[in-house]
Amino acid sequence: MELTNSKILIVDDQEANVRILESLLEIKGFKQVKSTTDSRQVENLVESFSPDLLLLDLMMPHMSGFEVMERLRGKETEGHFMPILVLTADSTKESKEQALRLGATDFLTKPFDFTEVLLRINNLLMISHLTGSLKGQNDLLEEKVKERTVELEQKNEELKQFVFIASHDLQEPLRMVTELLSQLQVHYGDKIDERGMKYIDFAVKSALKMKSLIVDLLEYSKADALVVGDVTKVDLNNVLDDVRILLNSVIEFNKAEIKIGIMPEIKAPVSVLRQIFQNLIGNAIRYRKTDLAPVINIRAVENEKNYVIEVEDNGIGIPLESQGKIFDLFHRIQMPPDQLGSGVGLAITKKIIERMNGTLEVKSEVGVGSVFTIQLPKA
Ligand code: ADP
């Protein structure tokens, strides 16, 4: 960094002072020095010349150094720090304080000690350049982050496409396998012994399991698109009524009780809200204790920014070490009692809530129950 290439602007109403400073700087090799004895010119000069340092007298006719600083305040171009070295014969405590308050970086009283003037000029230019290079580094870093984000988004999109295509294309051969296995059962059942039929039965069950995995995977890959639905204000009471109807047979079979508090109206696609609560209430019933009828409490409160909705159950609970993992794709603590699902429900639920800029968290105690908390922004 060559400091002598820095741009310096001298402002002093005394021509003699300006000349002294100019020659001092010239001797030291500074090549880009401008000056004015008319303080009213400073604003324009700062704009056109964009100095790295301003040497400013305080007591000047037309416009004092204080006023100049006041006018310059807030006009700095972003990332360009221009230190102001105040040079004045007025060395009172008050004027020093006022100058510093108005943005002066350093202070020198006349008559000058030239060595000190040059040392301070050097120091201030160093600060100015370091600030500039910091800004440069920041810009570079920001640019890099932007590039990486675009790359990541592209990769993410490719990955989503891959999951979609792979799971979509897997369905057909799988359908063939299932179909052929059932043909085997129907047409060759009498020629295959009991053991053989058992193997076929296992194969059919595994194929069905695989089908459900593929369907869930497809659901997961499409979850983002779900959120881009018709966004109107939806009464959560109506959504929960719909979910009760959808889960009616499970609710009745398990003698589940669902208690619903006062619910807000939420701006979101209705199908998405339905899916969220269907998953959470469905799980609250599935992971019930065998000896206790499920009781599910659904409550809502709101704070300044969010609606906070809790789905609380009195089920088997989730061990602390698994609570962070249950939202991962395909993660399950153990095979569910009904042997259904594939550990995708909560991953989808969390993903769509996050797409709505919300959060989904769980607090749970084994043997006591779980509380799933959804936060959705009001805006
Ligand atoms: P699935 O139910 O198909 O396994 P989910 O993604 O819905 O998949 O849930 C993941 C795992 O989290 C479940 O396998 C279960 O172990 C646990 N879990 C989810 N909800 C509850 C709940 N309300 N109570 C206890 N465990 C739960």
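The values are calculated or read from the model by the stated rules, or taken from the named source; none is laboratory data. Please read all numbers here as calculations on a predicted model, not as lab measurements. Cβ placement follows ideal geometry from the backbone for every residue including glycine, while neighbour counts extend to all protein chains displayed.
Residues in the stretch 106-150 that are out of contact with any Gly (no Cβ under 6 Å at 6 or more places or on another chain), among the charged types (D, E, K, R) and over 13 Å from LEU54 (Cα atoms): LYS110, ASP113, GLU116, ASP139, GLU142, GLU143, LYS144, LYS146, GLU147, ARG148. When the residues of the stretch 164-198 are filtered to those that are assigned to a helix (DSSP H, G or I) and acidic (Asp, Glu), which remaining residue is farthest from the chain's Cα centre (by Cα)? Per the stated criteria, the residue is GLU194. Taking the listed residues VAL243, VAL239, VAL227, VAL186, the one that is more than 24 Å from ARG286 (Cβ to Cβ), among the aliphatic types (A, V, I, L, M) and either surrounded by fewer than 16 Cβ atoms within 10 Å (Cβ to Cβ) or modelled with pLDDT of 90 or more (or both) is VAL186, with no other qualifying. Here ILE326 clears all of (1) β-branched (Val, Ile, Thr); (2) within 26 Å of GLY261 (Cα to Cα); (3) near the ligand (Cβ under 7 Å from one of its atoms) except the condition numbered (2). Consider LYS325 carefully, then state whether it is out of contact with any strand residue (DSSP E or B) (no Cβ under 9 Å at 6 or more places or on another chain) and surrounded by fewer than 18 Cβ atoms within 10 Å (Cβ to Cβ). When the stated conditions are applied, LYS325 passes them.
Pairs linking a residue in the stretch 40-54 that is part of a loop (DSSP other than H, G, I, E, B) to a residue that is of a type in the set (Ser, Thr, Tyr) and surrounded by 14 or more Cβ atoms within 10 Å (Cβ to Cβ), with Cβ atoms under 6 Å and 6 or more positions apart or on different chains, are ASP52/SER6; ASP52/SER128.
The residue list ALA99, ALA89 contains one member that is hydrophobic (A, V, I, L, M, F, W, C), in the same structural domain as LEU21 (by TED's automatic domain parsing), surrounded by fewer than 14 Cβ atoms within 10 Å (Cβ to Cβ) and modelled with pLDDT under 90, which is ALA89.
The single condition among (1) without any contact (Cβ under 8 Å) to a residue 12 or more places away in the chain; (2) surrounded by fewer than 16 Cβ atoms within 10 Å (Cβ to Cβ); (3) in contact with a Ser or Thr (Cβ under 9 Å, 6 or more places away or on another chain) that ARG332 does not satisfy is (2). Residues of the stretch 102-125 that are at pLDDT below 85 and of a type in the set (Gly, Ala, Ser): none at all.
Listed here are the residues, each with its yes/no results for (1) part of a helix (DSSP H, G or I); (2) among the aliphatic types (A, V, I, L, M).
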| position | (1), (2) |
| --- | --- |
| ILE200 | yes, yes |
| SER206 | yes, no |
| LYS209 | yes, no |
| LYS222 | yes, no |
| ASP242 | yes, no |
| GLU252 | yes, no |
| ILE258 | no, yes |
| ILE262 | no, yes |
| PHE277 | yes, no |
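Of the numbered criteria (1) more than 9 Å from the ligand (Cβ to nearest atom); (2) at pLDDT 90 or above; (3) of a type outside the set (D, E, K, R), the one LEU346 fails is (1).
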